[in-house]
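Some notes on the structure that comes next.
The values are calculated or read from the model by the stated rules, or taken from the named source; none is laboratory data. Since this is a predicted model, take the numbers as computed values, not measurements. Here the Cβ is made from the backbone with ideal geometry for all residues, glycine too, and neighbour counts use every protein chain on show. Note: accessible area is taken over every heavy atom of the protein model, side chains too, but ligands, DNA and RNA are not part of it. Shrake-Rupley method; radii C 1.70, N 1.55, O 1.52, S 1.80 Å.
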Amino acid sequence: MNKKVGTAYSAFFDSFKYYIPSLELMRDDVEKFDLIIFPGGEDINPNLYGQKNRFSYYNDIRDSKELKVLQKALELNKKIFGACRGHQLINAFLGGELTQDINLDLHLNHTGDHELIPVDKHLRKMLTLPKLDSIIFKFFDDVNSLHHQGVVIVGEGLIPTSFYNGVYESCESKNIITVQFHPEFMNNSKSFFNFLV
């Protein structure tokens, strides 16, 4: 059976469609899709993770639309993939916390490409996590960095799998994979999207 894949918003649609030719833009039809993508884009409203706005440029209309899709997708136990903003939105919805600006809040640099550091290798003792067999490391060692916000506390039910310079770069659960980077802009992503779909 071919999976039916939809994106919750039109941002970066063509970039994802390059890897997933059958990709569709969703309407209010969450139930007909097997996999739902939450793409990158502008910031999410800091109210979603309990903060007042200091450094964020958000779109409440987009937040509202995607949160409705996310809630329905979770209720229907759909497979979910979030990239960049999608990673942040999913974590915030599940009770996680973001830094509004990595440089201004944490005084750390996230520009350009960088490595992924496995959480179980460097943070296992602090987080008391078991050894993880992360999906992400099957496909990526180095990733792009196109963001100023970042997840600093992961959402409930998500297992953080990679970390870099103050923020979580990926999370996984049975039905959810989220990444801070943009695999749709990376040359080595074909096998990842083949796996995802």
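Of all residues in the stretch 131-149, those that are open to solvent by 30 Å² or more (accessible area, probe 1.4 Å), in contact with an Asp or Glu (Cβ under 9 Å, 6 or more places away or on another chain) and of a type in the set (A, V, I, L, M) total 2. Among the numbered criteria (1) farther than 26 Å from Y58 by Cβ; (2) modelled with pLDDT of 90 or more; (3) crowded, with 18+ Cβ neighbours inside 10 Å, which one does S191 miss? Exception for S191: condition (3). Filtered by the rule that a residue be out of contact with any Asp or Glu (no Cβ under 9 Å at 6 or more places or on another chain), open to solvent by 30 Å² or more (accessible area, probe 1.4 Å) and among the hydrophobic types (A, V, I, L, M, F, W, C), the stretch 34-66 gives a lone residue, I61. Scanning the stretch 71-111 for residues that are of a type in the set (S, T, N, Q), open to solvent by 60 Å² or more (accessible area, probe 1.4 Å) and either at pLDDT below 95 or in contact with a Phe, Trp or Tyr (Cβ under 8 Å, 6 or more places away or on another chain) (or both) gives Q71, N103, N109, T111.
Restricting the stretch 1-10 to residues that are without any contact (Cβ under 8 Å) to a residue 60 or more places away in the chain and closer than 27 Å to I153 by Cα leaves a set whose member that is most open to solvent (accessible area, probe 1.4 Å) is Y9. Once the stretch 150-177 is narrowed to residues that are outside any strand (DSSP E or B) and small (G, A, S), the residue that is least open to solvent (accessible area, probe 1.4 Å) is G155.
Selection of the stretch 27-47 for residues being under 16 Å from V69 (Cα atoms), at pLDDT 95 or above and either of a type in the set (A, V, I, L, M) or more than 13 Å from the chain's Cα centre (by Cα) (or both) yields V30, E31, K32, F33, D34, L35, I36, I37, I44. Out of the residues in the stretch 15-33 that are assigned to a loop (DSSP other than H, G, I, E, B) and within 11 Å of V5 (Cβ to Cβ), state the one that is most open to solvent (accessible area, probe 1.4 Å). Step by step, filter the stretch 15-33, then rank; the result is P21. Selection of the stretch 40-78 for residues being touching a residue at least 40 places away in the same chain (Cβ under 8 Å), farther than 18 Å from L158 by Cα and not charged (D, E, K, R) yields G40, G41, I44, P46, G50, Q51, N53, F55, S56, V69.
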